[in-house]
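See below for the structure under consideration.
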Amino acid sequence: MTTTTTQNPLTDTDLLDEERKERYGDSPSSRFTDPEKPKEAFRDYDAPARDSVREFYNLNHHYQTMEFVLQKKAEYLPPRNRRMGIWEAMEYLNTLVDDSDPDTDLSQIQHLLQTSEAIRADGHPDWFVLAGLVHDLGKILCLWGEPQWAVVGDTFPVGCAYSDKIVYKEYFDQNPDSNVEEYQTPNGIYEEGCGLDNVHISWGHDEYIYQVVKDYLPEPALYMLRYHSCYPIHKEGAYSHLMNDHDREMFKWVDAFNPYDLYSKSAQPPDVKALRPYYEELIAKYFPEKIDW
Ligand SMILES: [Fe+2]
Ligand SMILES: [Fe+2]
């Protein structure tokens, strides 16, 4: 089993998920957690795996500057790279199989289905289920040559001071924005309470999938997609001074989504073929046949 550098551009993604589990503790009891698997097993990192997480955040914090974020937004937004249906995008993303994860050999499509199935089993509205299904489709950025540090990992606001709640904050020392005075006050270039829609977040699969689906899903689903990797905000409560009341209301949904993403992974692999008809119907309820990516 490889741990760090393979040809696979998504090789560290699940490793980052595992690191988050370690940071935020184990989930409350869930029928989707594998009862056969002792909780300590999730933390069975060898040192190289941990080093690869550090190295990931070293690169991420070094290169995610305001300039970089604006450049990627100009490059990818509005989405115009390719036209695909949702299921088609799932199959496209699935051409990447993570071979480094110590806990599972689930494919990307299986992670999406496990997340959505866990949401469905708890009786949530169908758009919530659909949010689970599509939440990581922005990782197709990896297939278009983007390095992992520009696609996955925790996200954070740029253009204002880095919160102490951001993991591996010390690596921001190398970020050129650290030397830009107007970016290093609490509000930075923003106004207090301006609302997160006015705040640039480090570039990655969250913002991208939000932009791809924003015309089709209800707003709570869009918040889940857009901020699901923004752990400094949704888990740590940082940057509340930039949020408005509407953000705070909507973040209840982001919080509701998070356990399904983080903890629904170790159960039986979902039966993709058997589930497909249900999901094709659900997709068709909200999306046209093809959308712009
Ligand atoms: Fe994600
Ligand atoms: Fe995910």
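Listed values, structure above:
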{"quantity": "Lone qualifier among ASP292, ASP261 - being of a type in the set (D, E, K, R), within 16 Å of ligand 2 (Cβ to nearest atom), closer than 30 Å to LEU77 by Cβ and touching a residue at least 40 places away in the same chain (Cβ under 8 Å)", "calculated": "ASP261"}
{"quantity": "Filter result (surrounded by fewer than 20 Cβ atoms within 10 Å (Cβ to Cβ) and under 17 Å from the mean Cα position of the chain (by Cα)) within segment 145-196", "calculated": "PRO147"}
{"quantity": "Any hit, segment 250-264, residues being touching a Cys at 6+ places or on another chain (Cβ under 9 Å) and modelled with pLDDT of 95 or more", "calculated": "yes"}
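The values are calculated or read from the model by the stated rules, or taken from the named source; none is laboratory data. Note that the structure is a prediction, hence the values are computed from the model and not measured. Heads up, the Cβs are rebuilt from the backbone with ideal geometry, glycines too, and the neighbour counts pull from every protein chain shown.
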